[in-house]
Amino acid sequence: MGFMIIILTTTNLIITDVQALSDSKQIVLDAWTLVNEGFYDPEKFNEIGWKKIRQKTLQKQIESTEEAYLAIEDMLKPLDDPYTRLLRPKDYELLKSSNLGSEINGVGIQLGTDETTGAIKVISTLGGSPAEEAGILSGDLIEAVNGQLTSELGLANTASKLRGEKGTKVLVMISSDGVTKEIDLERRSVDLRPVRTKRLREEAHTIGYLRITQFSESVPKRIEEALVELQEKEVEAIILDLRNNSGGLVSSGIAVADSFLDESLIVETQNRNGIKDSIVSQTASLFEGPMVTLVNKGTASASEILAGALQDNERSVLIGKQTYGKGVIQSLKSLNETSGIAITVASYLTPNGNNIQDRGITPDVILDLPEAQDFGNSEDTWLKNAEIYLTSILDIDEESNNKLNLDLEIITTDVD
C-alpha cells in the first residue's frame, strides 16, 4: 500500500505517490544492510560499488520470496567470498540442526570452494556417511549433481541438491587426481554424533582416544563429560582426533581449547576496523597429561583454531597433514522466520600471530601414509603412529620418575 506526500511550494502544489517497499524487496534490503554493517572487508565495497549494487538490485522486479532470494544471491556474488552467502529455508534449517548436533538427511559431504579456480570441492566426509563409504576424499572436486554443473549451481545450491529425503538417490560426478567418475549415492540419516571416545591399550600404558567430528553447541559439555570418563578409566595420555572436522561453531571450538589450556592465549580475532580481540583460557584445564592431535586437509575453521592454540602453546604435538586453511569467521543472521544469511565478520590469528587463511597449519610430524577409511579402527595407521609417539613420551616420563625416585632414595640413605 502506498502513502501520499504533499509538498507545498511558493508556486504550486505537488502530490507524490510513494510506494512502500514490498515484503520481498524488504528482505533484499535487510540482507544488504546486514552485510554492509558486518562484512569484515569494507574496502571491498568501494571496489565493487556496493551502494550502486543495492540501487540496481532494488530496481528489479521482486514480487516473490524466490525472486528475493535470487536477487540476494546475485547481489552477493561481487563480494567474491564463498562464505558470505544466503541460506534458503532448507539450508538454514540444516545449519541450525547441525549446530545443535542432531541428524540430517543427505550423503555426508562438507563442501568448500577452491580459492584459485572457484571449483566446488570436498572439505571432508562425515564418519559412517554414504560419501565416506563410497570412498570420496577431502580435496575431491564435485563437478556435477544430477547432471547439473556445480560451476553453474554454486556452493549453496550444490549443497542443497545433495540433501533430500531419506532413501532417495543422487548422482554425483567426482573428479579426483584428474580422473572423473560418477557415483550414485543414496541419501540417509547421517549421525552427527560429534564426540566419540574409547580407551586404547598400548603395551604398559592406557591412552584415551577422543574424536570430534564437528563443533556443535553441545560439544563443550560432551568434552567435559568425556574427559571425566576417560580419567576415571585412568588414561595417561589423550589422542585428540580432528581429522575431517570442517568446523562449526567457533565458540564451541574455543571452549574445547579452554578445556586443555591454563591461562593461555587461544586465538586473536580481527574485525573490519582492525581491532584485535584476544581470547584467553581460564585458570584450570580438565586434563593435563600428554596429548597428540591428529589433523588432515579436512581439518578446517574452528578445528584449526583449536589445533593452532594447542600447537602454539606447546600443549599438543600435531601429527598428520597440512590443514585446510580457513581463517575467517562467519556470523549467522536471520532474514525472516525461515531463511538467513551467513556473513564473514572477522579473521583470526593463532597465538603466535599466524594467519592460516588459504595456508593451513603445518603439523609437527607429517605422515606420508594412506588415511584410514574408518578413523579410529584397528587399521588406522595414523592412529597407530600417534599411539607409538605417546607411548615413547610416557616411557621417558616413567624413566625420569624412576630416576627421581632413585635419587631420593640415595639422598635419604646418605642422610641416615
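Here are some notes:
- For the range 172-191, a residue qualifies if it is at negative phi and not in a strand (DSSP E or B), and exactly one does: R187.
- Matching entry among R243, R222 (being basic (K, R) and assigned to a helix (DSSP H, G or I)): R222
Per-residue answers, yes or no, for (1) in contact (Cβ under 8 Å) with a residue 12 or more places away in the chain; (2) in a strand (DSSP E or B):
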residue	(1), (2)
T197	yes, yes
R201	no, yes
T206	yes, yes
A226	yes, no
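- The set of residues from the range 339-359 being outside any loop (DSSP other than H, G, I, E, B), under 17 Å from T323 (Cα atoms) and within 14 Å of the chain's Cα centre (by Cα) comprises S347, Y348.
- Residues located in the range 31-62, provided they are outside any loop (DSSP other than H, G, I, E, B), buried (at least 18 other Cβ atoms within 10 Å of the Cβ) and either of a type outside the set (A, V, I, L, M) or in contact with a Cys (Cβ under 7 Å, 6 or more places away or on another chain) (or both): W32, G38, W50, R54, T57
- Within the range 80-171, strands (runs of 3 or more DSSP E) holding 2 or more residues that are touching a Pro at 6+ places or on another chain (Cβ under 9 Å) and at pLDDT below 80: 109-113
The values are calculated or read from the model by the stated rules, or taken from the named source; none is laboratory data. In this text, all values refer to a predicted model and were calculated from it rather than measured experimentally. A quick note on method: Cβ atoms are made from the backbone with ideal geometry, for glycine too, and the neighbour counts reach across all protein chains shown.
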